[in-house]
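Read through the structure below, which is laid out as structure tokens, and then see the notes.
Quick note: the coordinates plus some simple rules give every number you see, no bench work behind them. Every value quoted in this text rests on a predicted model; they were computed, and no experiment measured them. Cβ sites come from the backbone with ideal geometry, for glycine too, and all protein chains shown count toward neighbours.
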Amino acid sequence: MSERNPLVAGNWKMNGDAASLDTLLDGVLSELSVLALQRCSVLVFPSYVYLGQVANKLRGTIVGVGSQDVDERTQGAVTGGVSAAMVKDVGCEFSLVGHSERRTLFAESDELIAEKFEQCKACGLVPIICVGETLEERRQDRTMEVVTRQLNAVTSRVGLAGFDGAMVAYEPVWAIGTGESATPEQAEDVHAGLRKCLAELDEDLSSRTRILYGGSVTADNAVALFGKENVDGALVGGASLKANSFAEICKAAEES
Ligand code: 13P
């Protein structure tokens, strides 16, 4: 058995409201209690405004909570900003950084994302650094070049000690929200390449770092994706908004 236990994370993006997210969580908790997971960890990533509500509800349960982003600054005159310390303060232990929607819609650079990653670590949050190529980059055969550049921007800033404990999510941009997942073979190729890239930093770090796949993961394709050696779980968007499909994906990870 791999030393890396699987992990399934639900990225709720800008969806839901106080009442519907409460109902969703009730459903998730009830489905997961039936599964009695032993190996698979489960996380959810609500919008900032619901982090406190969700963290309070999940305290003492098996489901962890994280933010979808953090500001790269610590505090002060940053209207609209939310710091890593604030996220930690309301009960979160994780944060995504560098999601492709942040890179595209908010023009976040590799360097900015590395600063956000560093802030997470400084405040005791576990960062999940998201990387992924566009369809055009894949067609140009530049996938590995792009994802290693995105990952190296972080590792070169924070170093071995600064990266330890973090996770990576490979999310090909063309697979996000399109219904067209990467094939298990495509995912495995990139995950293996990312692991090789981490091994250049440190072999042990590489073998213990979880690399999640994201992009149109569903209950139907999860088993095949999780069957691959270097796919350690999933970062799920759309299918995480329904308790039963999210739980099915957790079940697939548990049994992988
Ligand atoms: P979908 O699962 O909806 O494709 O979203 C993936 C994603 O962006 C998770 O962060």
- Task: Name the long-range amide H neighbours of SER95: under 5 Å, sequence gap of 5 or more, or other chain; modelled H, no Pro or chain starts.
- Result: SER67, VAL126, ILE128
- How high is the relative contact order of the range 1-119, given as a whole-number percent (alpha carbon pairs under 8 Å, six or more residues apart)? 23
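Scaled to the compact-protein estimate 2.2 N^0.38 Å, what is the alpha-carbon radius of gyration of the range 85-226, rounded to two decimal places? Mind dumping the intermediate values first?
On the way: Rg = 14.7 Å, N = 142, 2.2 N^0.38 = 14.5 Å.
For the range 85-226, the normalised Cα radius of gyration is 1.02.
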- Note on the structure: Once amide hydrogens are built 1.01 Å from N within the peptide plane, the residues lying 5 or more places from VAL82 or on another chain with amide H under 5 Å from its amide H are ASP71
- Per residue, the convex hull volume that the Cα atoms of the range 68-124 enclose (Å³): 77
- Query: Cα-based Rg of the range 115-170 per 2.2 N^0.38 Å, rounded to two decimals?
  - Reply: 1.23
- Message: Output needed for the range 156-256: three equivalent-ellipsoid semi-axes, defined as square roots of 5 times the C-alpha gyration tensor eigenvalues, in descending order, whole Å.
- Response: 25, 13, 13
- Task: Quickly estimate the mean residue ellipticity at 222 nm for the chain, helices only: each DSSP H run with n ≥ 4 gives -39500 (n - 2.57), and the total goes over all residues, rounded to 500.
- Result: -13500 deg cm²/dmol
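Could you grab the Rg to Rh ratio for the range 1-66? Cα atoms only, Kirkwood for Rh. Let's see the in-between values first.
Numbers: Rg = 12.4 Å, Rh = 12.5 Å.
Rg/Rh: 0.99.
When a footprinting reagent is the concern and you count Cβ atoms within 10 Å, what order do TYR50, TYR213, TYR170 take, fewest first?
Values: TYR50 18, TYR213 32, TYR170 28.
Fewest-to-most Cβ neighbours within 10 Å comes out as TYR50, TYR170, TYR213.
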- Taking the Cα centre of the chain as the origin and placing charges on Cβ (Lys, Arg +1; Asp, Glu -1), which of VAL70, MET167, VAL236 is farthest toward the positive end of the dipole? VAL70
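Divide, for the chain, the radius of gyration over alpha carbons by 2.2 N^0.38 Å, where N is the residue count. Display every interim value, and only then the final one.
Numbers: Rg = 16.9 Å, N = 256, 2.2 N^0.38 = 18.1 Å.
This ratio for the chain stands at 0.93.
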- Per-residue HN-Hα couplings for the range 20-35 [Karplus 6.51, -1.76, 1.60; θ = phi - 60°; Hz; x = Gly/Pro]: 5, 6, 5, 5, 4, 5, 4, x, 4, 4, 5, 5, 6, 5, 5, 6
